[in-house]
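Structure record follows, encoded as structure tokens.
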Amino acid sequence: MLTTVLQQLINGLSAGSLYALVAIGYTMVYGVLRMINFAHGDILMVGAYLAFFGISAFMLPWWVSFITAIILTGFVGVLVEKLAYKPIRNASRVSLLITAVGVSFFLENLFLVLFGGVPKAFPIAPIFHGVLNYNQLYLPVVSIYTPIVALVLLYMLLYILHHTKYGMAMRSIALDIDTTSLMGINVDIVISLVFFLGSSLAAVGGILWSTQYPSINPLMGIMPGLKAFAAAVLGGIGDVAGAAIGGLILGISEVLIVAFFPSLAGYKDAFAFLLLILVLLFKPTGIMGKELERKRF
Amino acid sequence: MKRLLFKTVLFALVTIFAIGYGVSKTYAASNTIKVGVVYSMTGPVASFGQSAWQGLQVAKEIMPTALGKKIDLILVDDQGDKVQAANAVNKLIYDNKVDAIIGPLISGNVMSATPIVEKAKIPLITPTGTNPLLTEGKNFISRACFIDPFQGKVAAIYAVKDLHAKTAALVIDSAQDYSVGLAKFFEENFKKLGGRIVAKTFIQTGESNFSAQIASLKPANPQIIYMPCYYQEIALFARQAREFGLKQPILAGDGAAEAALIKVGGAAVNGLTFTTGFAPEAIKTPLGKKFEQAYQAKYHKLPDNFAALSADAYFMLVNAIDRAKSDNPIKINTALRATKNFQGVTGNITLVKGDAIKPAVIEKVENGKFVYVTTINP
């Protein structure tokens, strides 16, 4: 029994850190632009596909392919912002939101047309292959790497935000975009950087996701995207550490639902959204969220 | 001024061409028989649709006409989604004015299409929708495959007699009528044969993390795992099950019969057994041989369950149109449901109340290939 519970907790931790990585992207974009970037889940898919092509079409070693894919995905995010969001930055929030949904559909269907709807098998590098076995406890090495990678990236991000000039600029934009630009800060570059960082993190999430569940298709980003969104709201959207905590809570509670209510296992996905609704009803600012229009990050 | 004139002339020309094209289309239509095809070309069961569409095209090359008229296939993608399936059928019936429909491929999607075709009185033949409820009490639904009470029974007998299993765990996809139904029929028959279901867990189409379900199955320690789901979920489940030390043999239904299972599942699906409607090794009819050759020449691989049953649905429909001597949907339907001893790709097909009575095939994954095990007659 104890091993089962421990096994479930580890499973939850691993799933949760994936959600956390993706949730951070939602939260960062919301922080600076006050918009929900619904295309973020599809950016994750783009990252997974780029890594897949790097390995299988260009025959790159896995780590070269992963790094290239992560950087390229970052630029895809920047491109999306420049083409789709920047022209309507001062329009109403609803227009931005609808544009984001449009970008999401565009990316999904573009990849469907280009690469077809049949799932592709994601090649797994040998070092991600193993399973550690202790007593009745089984730990696929990917589920150990995932939380570590998530933690390291979170730390790096928090460092950038709080100890660099650009990080300060981001936090300042989150407070007041107009005043920040009056201070002579190039707001466009900083926003691009936010999209770059967020999208790269989504790519890392997508690659780790595909390494754990090695079947990729153009619609693969929808579910992780929506769940990460729920996690970001749970943690308090706009707050980076909150997003990470929200992701972990979501991942672990999903697993516990299956463990304690086996007959509800089929509704595991619905649980994330139930949680989202409850948070919105009772504590709309989430766990770490502060007064809504003031502080960010 | 010149510009304006140019634009006006251009506009007029485009309009004339558009109308001309439309008229020629309508005119051409009277010389063709329009058949709507609703397959899942994208989404969670996209591989089914891709295989089935290939099979259908080869079948059409073999038999391109009925009553001397060309057959025009109109493909609409249902994205593996129930709502999209209903939309697709509506579009085909009311926009394209088709005379008959082939598809959808999965039971849940057929289920959402039935009320529409029943109301419009258009014959629908599903190549691979195996849930018994699809045809129950319906007048316009037929199928080219066997039904799940039979498939579940075959699986249960195989589990008890050949795998010597006394206990089994069920993994059910609660989003699919196919999975829920087939699991039920397996459970009934398995219990009748003296077996015990020691654990049950549920998943959903499109999920990829099954670690929680696997951890909950492990303490029950079943001898086999029966997982009547679709290839994508089976492949990912098998991978994770093996990683987490759940090594019992997995038995599945015809939802596993797709090459993508092996591509995604890799070594984890080795030894996986499943019941299905067709194996290239079991081809006995002349039409089957002809189809296999044509398919191999075109796609350089052997046809699978979905390609073969999709071709059979087409051949049965063409045969029915020829016997009806009319392209009137109601007459086609009457002839189709009266199909008797038709020598199709997958064998001898006779329809009783829309259901095909035919043998089941058991296949196994061995070294990354589907291997024929045996045929079980009803």
How far apart, in nm, are two points set 7 Å out from the Cα along the Cα-to-Cβ line at residue A:79 and at residue B:296?
4.4
Taking the alpha-carbon set of region A:84-210, what are its Rg and Dmax in Å?
19.9, 62
Using only Cα atoms, find the angle between the long axis of helix B:177-192 and the longest principal axis of chain B, and express it within 0 to 90 degrees, rounded to the nearest 10.
30
Rounded to the nearest 10 Å², the accessible area of residue B:300 at probe 1.4 Å
150
By the C-alpha gyration tensor axes a ≥ b ≥ c (rounded if a/c is under 1.5, else prolate when a/b exceeds b/c, else oblate), the shape of region A:170-288 is oblate
Shape descriptors of the protein assembly as shown over alpha-carbon atoms, Rg and Dmax in angstrom, are 27.3, 90
Rounding to the nearest 10 and keeping the result within 0 to 90°, find how far the Cα-based axis of helix B:82-94 lies from the longest principal axis of chain B.
30
Normalise the Debye intensity by I(0) for region B:149-276, one equal point scatterer per Cα, no solvent, then take log10 at q = 0.09, 0.10, 0.11 Å⁻¹ and round to two decimals.
-0.20, -0.25, -0.30
Residue-averaged [θ]222 nm for chain A, counting only DSSP H segments that reach four residues, each worth -39500 (n - 2.57):
-24000 deg cm²/dmol
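Kindly provide the Kirkwood hydrodynamic radius of chain B in Å, to one decimal, from all pairs of distinct alpha carbon atoms.
Numbers: mean 1/r = 0.0465 Å⁻¹.
One over the average 1/r among Cα pairs gives 21.5 Å for chain B.
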Taking each pair of different alpha-carbon atoms in region A:2-282 once, compute 1/r for the pair, average those values, and report the inverse of that mean as the Kirkwood hydrodynamic radius in Å to one decimal.
19.2
Provide B:197, B:122 ordered by accessible surface of protein heavy atoms (probe 1.4 Å), highest first.
B:197, B:122
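Based only on the alpha carbon positions, what is the Kirkwood hydrodynamic radius of region A:1-117, in angstrom?
16.1
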Rounded to 10°, Cα long-axis angle of helix A:141-163 versus longest principal axis of chain A:
20
Express in whole angstrom the spacing between the alpha-carbon centres of region B:75-98 and region B:185-204.
35
Label point 7 Å out from residue A:90 along Cα-to-Cβ: which residues of region A:178-221 have amide N under 17 Å?
A:178-189
Give me the distance in nm between label points sitting 7 Å out from Cα along the Cα-to-Cβ direction at residue A:156 and residue A:176, one decimal.
3.4
Proximal lysines to residue B:369, defined as alpha-carbon separation beneath 22 angstrom and excluding residues fewer than eight positions away on the same chain:
A:120, B:247, B:263, B:284, B:289, B:298, B:301
Taking r as the C-beta separation of residue A:283 and residue B:325 and R0 as 60 Å, the FRET efficiency to the nearest 0.05 is 0.30
Rank A:45, A:168 by accessible area, highest first, at a 1.4 Å probe radius?
A:168, A:45
Between residue B:350 and residue B:138, how many nm apart are label points set 7 Å from Cα along the C-beta direction?
2.3
Would you please give the FRET efficiency between residue A:188 and residue A:34, computed as 1/(1 + (r/R0)^6) with r the Cβ-Cβ distance and R0 = 22 Å, to the nearest 0.05?
0.85
Sequence-distant lysines (8 or more away, or on other chains) whose Cα lies within less than 16 Å of residue B:191:
B:153, B:161, B:166, B:200
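The values are calculated or read from the model by the stated rules, or taken from the named source; none is laboratory data. Just so it is clear, the model here is predicted, and its values are computed rather than measured. We place every Cβ from the backbone using ideal geometry, glycine too, and count neighbours over all the protein chains shown. For accessibility, only protein heavy atoms count, side chains too; no ligands or nucleic acids. Shrake-Rupley method; radii C 1.70, N 1.55, O 1.52, S 1.80 Å.
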